[in-house]
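The values are calculated or read from the model by the stated rules, or taken from the named source; none is laboratory data. What you are looking at is a predicted structure, and each value in this text was computed from that prediction instead of being measured. Using ideal geometry, Cβ is built from the backbone for each residue, glycine included, and neighbour counts are taken over all protein chains shown. Remember, those area values only see protein heavy atoms, side chains included, never the ligands or the DNA or RNA. Shrake-Rupley method; radii C 1.70, N 1.55, O 1.52, S 1.80 Å.
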Amino acid sequence: MGLFQKLAHFLGVRKKEVNVLVVGLNNSGKTTVVNSFKNEENQTNEIVPTVGFSVERFQNQSLLFTAFDMSGHGRYRDLWEHYYKDCHGIIFVIDSSDRLRLVVVKEELDLLLQHPDICQKRAPILFFANKMDCKDSLSSVKIAAALGLDKIMDKPWHIAASNAITGEGLQEGVEWLTQQIREMLSVRS
Ligand SMILES: Nc1nc2c(ncn2[C@@H]2O[C@H](COP(=O)(O)OP(=O)(O)O)[C@@H](O)[C@H]2O)c(=O)[nH]1
Ligand SMILES: [Mg+2]
């Protein structure tokens, strides 16, 4: 069974829709990650366009992925924060070769973690230290340290180095996220 099918399979037995947000700065690799989850059949892809801001949504069975860029100098913040309320899990994609913008990534992560719709829930966060194949990329350990991930106490989190183009590292990450969402939903029901 493929990666995505595994996740959809266990979630498919549930009536409830499960929402996974895919966030990160522009150019980090979100669209590439989401595309790697798609299979040929049974997929819908909706792009919600707004001037200067777009949201990509992709649904398969009861699993809905919503991806957007955390950029635009905060002008579109209200538009993307609107999606925080209903999310069950978050995939945070980082370009690990973009050292200059790591400080911006940290600012966005801190704002995400402080947001009222996120800080109240135990939604698991999967970080992809993406573009691990690039010459200048930082290791996942260094990214975790730069972002202060060890300070996240109230939510399960995990960081995996990835290459979204070849798919390397994606499976490990998604398996972790699947397990976490499963536990979270079974505790609640
Ligand atoms: N070398 C390398 N390039 C990547 C990787 N993931 C994405 N890219 C490239 O980075 C660029 C931005 O990717 P995209 O998925 O559009 O980023 P988004 O803006 O976050 O949706 C594209 O040219 C991708 O082909 C990766 O793991 N390694
Ligand atoms: Mg994109």
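Contact map, segment 120-140: residues that are more than 28 Å from residue 84 (Cα to Cα) paired with residues that are within 16 Å of ligand 2 (Cβ to nearest atom) and aromatic (Phe, Trp, Tyr), Cβ distance under 7 Å, separation 6+ or inter-chain. No pairs are found. Output yes when any residue across segment 100-114 is of a type in the set (D, E, K, R) and open to solvent by less than 30 Å² (accessible area, probe 1.4 Å), and no when none is. Yes, some residue in segment 100-114 is of a type in the set (D, E, K, R) and open to solvent by less than 30 Å² (accessible area, probe 1.4 Å).
Hey, any hits in segment 154-169 for a residue that's among the hydroxyl-bearing types (Ser, Thr, Tyr) and more than 16 Å from ligand 2 (Cβ to nearest atom)? Yes, some residue in segment 154-169 is among the hydroxyl-bearing types (Ser, Thr, Tyr) and more than 16 Å from ligand 2 (Cβ to nearest atom). All of (1) more than 16 Å from ligand 1 (Cβ to nearest atom); (2) open to solvent by 50 Å² or more (accessible area, probe 1.4 Å); (3) farther than 28 Å from residue 78 by Cβ hold for residue 139 with one exception: (1). The residue that is farthest from ligand 2 (Cβ to nearest atom), among those in segment 16-36 that are aliphatic (A, V, I, L, M) and in a strand (DSSP E or B), is 18. Being modelled with pLDDT under 95, assigned to a loop (DSSP other than H, G, I, E, B) and open to solvent by 50 Å² or more (accessible area, probe 1.4 Å) is true of residue 86.
Considering only segment 162-175, how many residues are open to solvent by 20 Å² or more (accessible area, probe 1.4 Å) and in a strand (DSSP E or B)? Residues that pass the stated criteria total 1. Evaluating residue 178 against the criteria (1) crowded, with 17+ Cβ neighbours inside 10 Å; (2) within 16 Å of ligand 2 (Cβ to nearest atom); (3) of a type in the set (Val, Ile, Thr) leaves one unmet condition, (2). When the test is whether a residue is modelled with pLDDT of 95 or more and not in a helix (DSSP H, G or I), residue 146 does not pass it.
Out of the residues in segment 45-70 that are at pLDDT below 80 and within 25 Å of residue 172 (Cα to Cα), which is nearest to ligand 1 (Cβ to nearest atom)? Among residues in segment 45-70 that are at pLDDT below 80 and within 25 Å of residue 172 (Cα to Cα), the one nearest to ligand 1 (Cβ to nearest atom) is 45. Take the conditions open to solvent by 20 Å² or more (accessible area, probe 1.4 Å), within 25 Å of residue 85 (Cα to Cα) and touching a helix residue (DSSP H, G or I) at 6+ places or on another chain (Cβ under 7 Å) and apply them to residue 159. Does it pass? In short, yes.
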